[in-house]
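Notes to accompany the following structure.
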Amino acid sequence: MKNFNFRERNLLAGPHLLGVLLLLAGVFTLVSPAFLKNESSTERVLLVGTGAVTLGLLIVSSYDGTLIDFTKNRFKKYFSIGGYKFGDWISLPNIVSVKVISASYISTNTPNGISPTVSGRIIRFKAVLYSNASKPEFSFVYSNRDKALKHAKLLAFKFKADLIVDDI
C-alpha cells in the first residue's frame, strides 16, 4: 500500500443527510407516476426527479479527507466532490509515534425538523500521529475500535513509528 486515505463522512448527519433525503425524494418523484395519479406533465416529473437525484448525488459524494503518500513522503488535506480531490500536496513531517485513544462524550441533538432528536453517550476512537513536536500532526477519528487499531498499526508500520495504545 503506497497511500493512506482517511475520509471524513457520515451519511446520517449534517448535509449528507440532506443529500440522502434528496436522493430518496428524487427517486420517489421519478417512480410515483407509475402508481399515483397526478396532473403533472411527464417533463416536469423528469426535471424535478433528475434534479433532486443529481443534487443529492453531489451532496452525498462530497467529503473532507487526508491522503498520505508514503512513497513520496507527502500528504494532502482535501475536499472531494464527485471523486475529484481538491487540495495541495505538502511535505510530510517525520512521524515518530502513533497513539490510539478513546474519547467519550454526551451527544445531544437540537430539534430541527429533519434529524432525529436523540441524545446519549458516544465513544469515538482516535488515531493520533505525532512528530518530534508535542502537538499532534494528524488526528483520525473512528466510530469503530477495531478499524482505529487496524489503521493505527498500518500507519505505525509504514512510518516505522512507535504504536501506543491507551486503555480503550
Taking Ser131 as meeting all but one of (1) hydroxyl-bearing (Ser, Thr, Tyr); (2) at pLDDT 90 or above; (3) surrounded by 13 or more Cβ atoms within 10 Å (Cβ to Cβ), write down the number of the exception. (2)
So in the stretch 44-60, with the set limited to residues that are among the aliphatic types (A, V, I, L, M) and over 22 Å from Ile81 (Cβ atoms), which one is most open to solvent (accessible area, probe 1.4 Å)? Leu47
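Being among the β-branched types (Val, Ile, Thr), outside any strand (DSSP E or B), closer than 24 Å to Arg7 by Cβ and modelled with pLDDT under 90: is that true of Ile122 here? Walk me through how you get there before you give the answer.
On the way: among the β-branched types (Val, Ile, Thr): yes; outside any strand (DSSP E or B): no; closer than 24 Å to Arg7 by Cβ: yes; modelled with pLDDT under 90: yes.
Answer is no for this residue.
Any idea which residue in the stretch 33-67 is modelled with the lowest pLDDT, counting only those that are small (Gly, Ala, Ser) and in a helix (DSSP H, G or I)? Show your work before the answer.
First, pick out the residues of the stretch 33-67 that are small (Gly, Ala, Ser): 34, 40-41, 49, 51-52, 56, 61-62, 65.
Next, from what is left, pick out any that are in a helix (DSSP H, G or I): 34, 49, 51-52, 56.
Details: Ala34: 75, Gly49: 91, Gly51: 93, Ala52: 93, Gly56: 91.
By that ranking, first place goes to Ala34.
Take the residues of the stretch 64-99 that are among the polar types (S, T, N, Q) and farther than 25 Å from Ser134 by Cα: which is surrounded by the fewest Cβ atoms within 10 Å (Cβ to Cβ)?
Looking only at the stretch 64-99, we keep the residues that are among the polar types (S, T, N, Q), and these are 66, 71, 73, 80, 91, 94, 97.
Add one more test, that the residue is farther than 25 Å from Ser134 by Cα, and what stays is 71, 80.
Working: Thr71: 7, Ser80: 18.
Filtering first and then ranking leaves Thr71.
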Among the residues of the stretch 9-31, write down those that are touching a Ser or Thr at 6+ places or on another chain (Cβ under 9 Å) and at pLDDT below 85. Arg9, Asn10, Leu12, Ala13, Gly14, Pro15, His16, Leu17
In this structure, does Phe6 turn out to be open to solvent by less than 60 Å² (accessible area, probe 1.4 Å), touching a residue at least 60 places away in the same chain (Cβ under 8 Å) and under 17 Å from the mean Cα position of the chain (by Cα)? yes
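The values are calculated or read from the model by the stated rules, or taken from the named source; none is laboratory data. Remember, it's a predicted structure, so these values are computed and weren't measured experimentally. Cβ sites come from the backbone with ideal geometry, for glycine too, and all protein chains shown count toward neighbours. The accessibility values were calculated without ligands, DNA or RNA, using every heavy atom of the protein model including side chains. Shrake-Rupley method; radii C 1.70, N 1.55, O 1.52, S 1.80 Å.
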